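Presented below is the structure to which this report refers.
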Amino acid sequence: MRILVTGDTGYVGTVLCEKLQSNGYNVTGLDLDFFLENDLVLQNRSYKRLNKDINKVHEDDLRNIDTIIHLAGLSNDPLGELDEELTYKINFDGTINLIDKAKIAGVKNFLYASTQSVYGISENIENEITEDTKNIQPITAYAKSKYKAEQEMLKKKSENFKIIIFRPATVFGPSANFRSDIVLNNLVASAYVYKKLIIQSDGKPWRPLLHINDMCQFFIKSINKTDQLNGEIINLGYPGYNFQVIDLANKVKKIVPEAEIIIENKKIDNRTYKVNFEKAFKFFKDEIDFNLNVENSISELVNYFDNVNFDKEIFEGRKTIRIKQLKYLMENKRIFNK
């Protein structure tokens, strides 16, 4: 089976393509390579690659592709606010162009990485958020563009063009193209580099977690479930694995005991939510290990930092902080939003 992965040189795409190849799939990557130069590990991307904007994808680029896994986009709220016009151009216009060209080219399946940011701010933290539309309250340009794309693409699904929408929890874990600007990666990196666990809130916000390897497995296992999952929207994560930031910091401290926990900003962070993952468990309980060992995963990250000689320059620089890399590309006229 031939799989096209958009965003193949990004944080998740780098890991996903490697796993797809090891599972015997014929992989094609498509990316503008905004972050390719930031690899921390030399990566042999031994598959066909298209260096192309998803807004400029033509149906001929997609001939003979069976399944598209669409990861490409401006990938969190701060990035979306950096340039709202560019955010909509990539996350909405580009996605719809890709879908339209995919249908013309005869692609059978379209798996979409959306976001739990579409839920906005939880009004009742005691209630776990399900995939129901009543929970949708996108606030940022990033969340609005992703939700708008979800709504539009579902209009295009059919028996011959199957669409599955995934809303992943906050991803963490090693990748050759690493990100330090997401919560658990950031906490472990801070402990590793500074011997400090710096929390930018009162520590009480809730966050769900998803290991990068499991996110990839959800996509891979979905490839042969498209008949069953066509039109579904699924939160990706583990039932019962919602954590307060302070709890995550304490877990990191168990692995890096010399690190001091510092509550730097005691203001309440309204971006707090618990997410329900029963639907993911229902569809994937026989294929995904839902018993995540967070402490083992933290140790895995520490070992990764040892192997890549992770230091303050990497942690604070554009290699691992997406918004800094995008600002750099804009300043050097390598990104244009017109």
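No lab work stands behind these numbers, since they all come straight from the coordinates. Just so you know, these numbers come straight off a predicted model, no measurement behind them. Every residue, glycine among them, receives a Cβ derived from its backbone with ideal geometry; neighbour counts consider all protein chains shown.
What is the distance in Å between the Cα centres of segment 169-203 and segment 271-328?
Each part's Cα centre sits 8 Å from the other's.
In debye, nearest 20: dipole of the chain around its Cα centre with unit charges on the Cβ of K, R (+) and D, E (-)?
Taking the Cα centre of the chain as origin, the dipole is about 480 debye.
Too long at a 21 Å Cα-Cα cut-off: which of Lys19/Lys157; Lys155/Lys221; Lys89/Lys146; Lys103/Lys162; Lys48/Lys324?
Lys19/Lys157; Lys155/Lys221; Lys48/Lys324
Give the peptides 108-119, 129-140 in descending order of average Cβ contacts within 10 Å, highest first.
So the peptides 108-119, 129-140, ranked by packing, come out 108-119, 129-140.
Asp181's amide H: which non-local residues (gap 5+, or another chain) put their own amide H closer than 5 Å, with H modeled 1.01 Å from N in plane and none for Pro or chain starts?
Arg322
Please list, in order along segment 166-178, the HN-Hα scalar couplings obtained from phi with the Karplus expression 6.51 cos²θ - 1.76 cosθ + 1.60 (θ = phi - 60°), rounded to whole Hz, x for Gly and Pro.
Working through the residues one at a time gives 10, 10, x, 5, 5, 7, 8, x, x, 7, 4, 10, 7 Hz.
Defining a contact as two alpha carbons under 8 Å apart and six or more residues distant in sequence, what relative contact order in percent does segment 147-264 show?
Contact order relative to length: 39 percent.
Sort out for me the Cα centre separation of segment 127-152 from segment 1-72, rounded to whole Å.
Answer, in whole Å: 26.
Long-range amide H contacts for Ile198: which residues qualify at under 5 Å (H placed 1.01 Å from N, peptide plane, sequence gap of 5 or more or a different chain)?
Result for Ile198 returns Ile262.
Using only the alpha carbons of segment 158-317, what is the convex hull's orientation-averaged projected area in square nanometres?
Projected over every direction and averaged, the Cα hull of segment 158-317 covers 10.3 nm².
Over segment 271-338, with a single point scatterer placed on each C-alpha, what log10 of the ratio I(q)/I(0) does the Debye formula yield at q = 0.20, 0.21, 0.25 1/Å?
Summing over Cα pairs of segment 271-338 leads to -0.92, -0.93, -1.04.
Among (1) 0.94; (2) 1.00; (3) 0.96, only one was calculated for this model; which label is it, if the read-out is Rg/Rh (Cα atoms, Kirkwood Rh)?
The value matching this structure is (1).
For Val275, which sequence-distant residues (separation of 5 or more, or a different chain) have an amide H within less than 5 Å of its own amide H, given hydrogens modelled in the peptide plane?
Long-range HN contacts for Val275: Ile129.
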